[in-house]
Amino acid sequence: MSEYVEKHPDLVDPTDDLSSSKKTSPTTPGYDHHVLDNSQENTIADTGFYQENPSTENLLATAGVRRIEAINSQLTQLDRVIIFFGLFLIAYCYGLDGTVRYTYQSYATNSYATHSLLSTINVLRSVIAAAAQPTAAKIADVFGRLELIILSILFYVVGTIVEATSDGVSAFSGGAVIYQIGYTMIMLLAEVIVADLTSTRARLFFSFVPALPFIINTWVSGDITAAVLASTTWNWGIGMWAIIYPVCCLPLIITLFLAQRRARRAGVLTDYKSPFAHYGFVGLVKELFWQLDVIGLILMIAVFALILVPLTLAGGISTVWRQAHIIAPLVIGFCCIPFFIVWEMKARYPLIPFKLLSNRGVWAGFGIASILNFAWYMQGAYLYPVLIVAFDQSIKSATRITSLYSFASVITGTLLGVVVFKVRQLKPFIIFGCCLFMVAFGLLIRYRGGLSDASKAGIIGAEIVLGIAGGCFSYPTQASVQTQTKHAHVATVTGLYLATYNIGSALGSAVSGAIWSQLLPKEIEKAVGGNATLATEIYGSPYTWIVTNPVGTPNRDAVNLAYQHVQKILCIVGICLCIPLIFFSILLKNPTLTNEQSLKNAEEDDESTVMSAEDPEHASKKGFVKKFLG
């Protein structure tokens, strides 16, 4: 491994140049280092990894972190290649599955004559994902990365089976929630493992390894969905992933397991005692109850689910805002907010780490994450039905167009990762991306429907511009937030970042669903001359109705205009959200990235920019404007 480190110091082993004082100091917390030194003079015992009798909190909260540190010390060049290949393979699987499942979900709700409930399902998935992110991060820190992969397989497979065998929207929604937990866990783990193995300077580039499959999936997903729906049903299209996903996880599982066994044989895990062995079953359950902040999780789910889901259910041909099943959840949800705040302020291990949130570089990044998805869902939540109905696109074409954002985002972000490795700055690109995001929404307002080639080219161009913008600030913001914390807290801050990302998804799904369900039924009813029965049929099963009502018939042309009108309203809301998005990007800190896993003065209570000791000239900047901008 030392030979590989000498050839690639920037990308793989960024802390091998630690000073001798750090190598021999028994008080240095080992879990803050990136890679353990295999030399005899720098053993685990010398650095105090397991000899310091850590407190109960540190023992449980960082057990998984210390294990990955030890495992990392035993990784060879081939191991690292296999790990990143394993991440790519898993990401290819869940990425392709997510793309085609988005299409199948639309047809599933259409088959139940409940197509308008798409946003309700998306809200439920997003709320559960938001709650699962910090929980998964703590599980990864407590038990380890390998255990989280296995847990994700369990939820992923069970949820997929429930979805595929469902016979109604209730069962489908339940399966979607269970699947979302597994999906969320593996997405988080991919980013955490990348952060474990890379320096701050190289992290952005390697963060796109799990996203690279979108470059392929954009073009094959349309063929797959068209072929599956032509030869079988959406049920099998979803169900087959219960077999494919576990198989794709094997390379990463086997590599981490062998590296862990190698670490035990080398003696670096000899004194390691698992939380289960330390506490026993009952004691571990009690400690996990507080560590995972179960009460806080329940309150957070209650707040978001009870407030956002009714917004998507209250519309339709006849609104039901005054009915008890809409009012009661809203009242309870709002009442839970003060209880959640008070609980988090008093909790032993709060779900929201207020110390980290006091850092401007962290909370500004969280603001970007939430508003990014909030705005994106304004145009994306119902983009597929708009393409099918208002643009008269085929299944293949519509699936590809909905994937263009991811395609352009990944290509842009990967190339940007190379640039950032050279310039060592993130903030300028993030601000540029947020501004370009607003420009893209302007194009989406202009090209919201139509049957001409110009209209199709317009929506394709708008989605590509949106993707380029996203590539400039979605992953870069995540990398920026990670630079503000030590290695021991990387999983936590990454989990919280992705949680706010999913909260944005929930808000976007809820608001878009509310607008869609409030406006579209009335617009359709006007389009068909006030025929409420026909309007209900079109609103509930649009894909079925358009088969017998091709473009050129009076009703179809009128309905197309109704879809275009509502999509315009959604995109106008989206462009308004870009204003706070740009504001948060300006508030971000602008650290100079280094060759270390985490910056030396990360998590310091200092409002000035987190800066590397390698750049003293940058550290001398003064003045309010410069401090505010970086």
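Read-outs: derived from the displayed coordinates by stated rules, not from any lab. The structure presented is a predicted model; accordingly, all values stated were derived computationally and were not measured. All Cβ positions, glycine included, derive from the backbone under ideal geometry; neighbour counts span all protein chains shown.
Under the rule a/c < 1.5 gives rounded, and otherwise a/b versus b/c splits prolate from oblate, where does segment 344-397 land using the Cα gyration tensor?
Prolate is the answer for segment 344-397, as a/c is 1.5 or above and a/b outweighs b/c.
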Surrounding charge for ALA440, neighbours by C-beta under 12 angstrom, Lys/Arg +1, Asp/Glu -1, total 0
Per-residue Cβ contact counts at 10 Å, fewest first, order CYS335, CYS249 as CYS335, CYS249
Once Lys and Arg are counted +1 and Asp and Glu -1 for all other residues with Cβ under 13 Å from that of ASN217, the total becomes 0
Taking Lys and Arg as +1 and Asp and Glu as -1, residues besides ALA259 with C-beta under 14 Å from its C-beta add up to +4
The answer for GluC sites (Glu not before Pro) in segment 107-211 that fall in a DSSP coil and have at most 14 neighbouring Cβ atoms within 10 Å is none
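Just the number: Rg to Rh for segment 429-498, Cα atoms, Kirkwood Rh, two decimals.
1.21
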